[in-house]
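Below is one structure; the comments refer to it alone.
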């Protein structure tokens with residue numbers, strides 16, 4: 001059985017483009033792991049983008065090990 005959709009899957013129905021001001025700031029640190037040469041690190045950043053009625057704000061946090 002074949003289904004026929006009224007709108008093809010690859011059809012773009014519309015787009016929204018908004019320009020605005022934005023910025024990013026962050027901080028992080030790293031700590032050596034004893035006698036391994038590796039370092040534990042963490043970083044947090046604040047991202048802001050004002051592109052419409054509700055501005056976008058987020059704070060991604062990254063943690064890991066460098067070696």
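The values are calculated or read from the model by the stated rules, or taken from the named source; none is laboratory data. No experiment lies behind these values; they were computed from the predicted model shown. Virtual Cβ from ideal backbone geometry, glycine too; neighbours counted across all protein chains shown.
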Within the chain, which strands (runs of 3 or more DSSP E) (wholly inside it) include 2 or more residues that are modelled with pLDDT of 90 or more and more than 15 Å from the chain's Cα centre (by Cα)? 22-32, 39-49, 61-66
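Name every residue in the stretch 1-27 that is in contact with a strand residue (DSSP E or B) (Cβ under 6 Å, 6 or more places away or on another chain) and either over 30 Å from residue 67 (Cβ atoms) or in contact (Cβ under 8 Å) with a residue 24 or more places away in the chain (or both), in order of residue number. Walk me through how you get there before you give the answer.
Filtering the stretch 1-27 for residues in contact with a strand residue (DSSP E or B) (Cβ under 6 Å, 6 or more places away or on another chain) gives 22-26.
Matches in the stretch 1-27: 22, 23, 24.
Tally time: how many residues in the stretch 29-51 are touching a residue at least 24 places away in the same chain (Cβ under 8 Å) and at negative phi? I'd like the intermediate steps shown before the answer.
Pass one, the stretch 29-51, residues touching a residue at least 24 places away in the same chain (Cβ under 8 Å): 30, 33, 36-41, 47-51.
Retained after the next criterion (residues that are at negative phi): 30, 33, 36, 38-41, 47-51.
Matching residues across the stretch 29-51 total 12.
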What pairs come out if I take residues in the stretch 52-67 that are more than 16 Å from residue 31 (Cα to Cα) and pair them with residues that are loosely packed, with under 10 Cβ neighbours inside 10 Å whose C-beta lies under 8 Å away, six or more apart or interchain? 52/18
